[in-house]
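In what follows, a structure is listed as structure tokens, so that the remarks can point back to it.
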Amino acid sequence: MKQHKVILGGQVLYQAAQLSHAEVFAAARRAEGQDCRVVPDETQPPQRELRINPLTGKPRRGRRTPSE
């Protein structure tokens, strides 16, 4: 799960899974006069393995190409 952070002077004030929530929190702190910034989480989610249907031996529907 992503963790976007709102930072004030090197200290984490707030963590949010949604970037928009972190931006709203930072905007509220800026309105109060605190100079904070949002650091978005840039980590990539792990690639999932292709799931095979045990009855048919074929890949499950949804994703047409396997992840490389």
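Among the residues of region 3-36, count how many are outside any helix (DSSP H, G or I), surrounded by 14 or more Cβ atoms within 10 Å (Cβ to Cβ) and not small (Gly, Ala, Ser).
Of the residues in region 3-36, the ones outside any helix (DSSP H, G or I) are 3-18, 32-36.
Cutting the leftovers down to surrounded by 14 or more Cβ atoms within 10 Å (Cβ to Cβ) gives us 4-8, 13-16, 36.
Now narrow it down to the ones that are not small (Gly, Ala, Ser): 4-8, 13-15, 36.
Residues that pass the stated criteria total 9.
In region 37-49, how many residues are in a loop (DSSP other than H, G, I, E, B) and either modelled with pLDDT of 95 or more or in contact with a strand residue (DSSP E or B) (Cβ under 9 Å, 6 or more places away or on another chain) (or both)?
Final tally of qualifying residues: 2.
The values are calculated or read from the model by the stated rules, or taken from the named source; none is laboratory data. All values reported here derive from a predicted model rather than from experimental measurement. Every residue, glycine among them, receives a Cβ derived from its backbone with ideal geometry; neighbour counts consider all protein chains shown.
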